[in-house]
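Trainee: I have a structure here, written as structure tokens, and I will follow up with some questions on it.
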Amino acid sequence: MSAEQAPKQSAGSLRLLVALVALGLAVYWFGRRSTGPETGAPAKDFALTVVAGQVPRVTLADLHGRPALIEVVASWCGVCRRAAPTLAAAARAPRKREVRFLAVSVDDDPNAARALARDWQIPYDVAHDDGSFARSYGISLLPTLVLIDETGRVRHVATGAPSPAAVERWLGDVGAERL
């Protein structure tokens with residue numbers, strides 16, 4: 001190999017290496033499963049203590065027969081705080097059918113969950129998770145929203161702050177359009 005060919009071969013090898021790394025990252029990024037349960041699967045059973053709201057405890061069975069939109073949050077999560085007004089407005093809106101809204105706080109301290117309910121003006125029950133809900137539902141990013149239909153099947157899973165239009169579309173998919 002001549003001295004002129006060596007740099008050209010090195011540059012070609014470097015481009016190939018960069019392309020392979022980029023391909024690997026793309027496969028990793030786009031091929032990985034998102035946080036939360038699988039859409040279409042039956043929702044997993046849970047029992048949570050409600051720290052702010054109308055009832056002392058909430059279970060999956062309590063939600064049966066009506067859709068439920070569950071948001072998994074933490075007091076320290078800025079995106080969760082930004083999502084709160086959108087979900088509060090959706091919860092207050094009159095609908096064709098009743099929807100149960102539930103916030104599940106993964107804060108270590110139940111008092112932090114109580115405080116976020118008050119500070120973020122959440123108009124629906126806020127439950128405290130001891131870690132079992134997040135593990136069972138495969139939650140790894142906050143906020144994660146899980147829409148469960150009236151039969152107990154997971155219909156939508158999303159992470160991040162949803163747009164009002166997205167929330168309304170999801171609720172419309174389970175027959176709970178705004179009036």
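Trainee: Ranked by Cβ crowding within 10 angstrom, fewest neighbours first, how are 49, 35 ordered?
Mentor: Going from sparsest to densest Cβ surroundings: 49, 35.
Trainee: For a footprinting-style exposure proxy, rank 62, 109, 129 by other Cβ within 10 Å, fewest first.
Mentor: Final ranking by Cβ density, sparse to dense: 109, 62, 129.
Trainee: Oh, and also: How would you rank 153, 97, going from fewest to most other Cβ atoms within 10 Å of each one's own Cβ?
Mentor: If I rank by nearby Cβ atoms, fewest first, I get 97, 153.
Trainee: Now a separate question. How high is the relative contact order of segment 68-126? Use alpha-carbon pairs under 8 Å, at least six apart in sequence, and give a whole percent.
Mentor: 46 percent
Trainee: As an exercise, use a Förster radius of 35 Å and the Cβ-Cβ distance of residue 118 and residue 98 to find the FRET efficiency, rounded to the nearest 0.05.
Mentor: 0.90
Trainee: OK, next. Find the relative contact order for segment 47-173 and round it to a whole percent, using C-alpha pairs within less than 8 Å whose residues are 6+ positions apart.
Mentor: The normalised contact order for segment 47-173 reaches 34 percent.
None of the figures in this text is laboratory data; all of them are computed from the coordinates on show. What you see is a predicted model; the values in this text were computed from it and never measured. Quick reminder, even Gly has a Cβ in these numbers, built from the backbone with ideal geometry, and neighbours come from all protein chains shown.
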